[in-house]
1. Take the residues of the stretch 18-62 that are touching a residue at least 40 places away in the same chain (Cβ under 8 Å) and assigned to a loop (DSSP other than H, G, I, E, B): which is surrounded by the most Cβ atoms within 10 Å (Cβ to Cβ)?
2. Return a yes/no flag: does the stretch 49-61 have any residue that is modelled with pLDDT under 85 and among the charged types (D, E, K, R).
Amino acid sequence: MSIGDSPTIKPGDRVKVSARGTFMFTVKDIDEDTGMAMIEVNADSPLTYPRPARLTDLVPVED
């Protein structure tokens, strides 16, 4: 990916909140009008919940 390219992120994708991010999240929903996504941490915990994140902050996680 070159500078200025923006990856297409869609529901179900795994992402980090920045390139240096430690935790992986799953995209649950995207609002293109506001540029926001609802993401949920990938953890084996009953306390996971969706939280908002700017699409511009999300970095796809390679398989």
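1. Here the residue is Leu58.
2. Residues of the stretch 49-61 that are modelled with pLDDT under 85, as a first pass: none.
Scanning the stretch 49-61 turns up no residue that is modelled with pLDDT under 85 and among the charged types (D, E, K, R).
The values are calculated or read from the model by the stated rules, or taken from the named source; none is laboratory data. Remember, predicted model here, so these are calculated numbers, not experimental data. All Cβ positions, glycine included, derive from the backbone under ideal geometry; neighbour counts span all protein chains shown.
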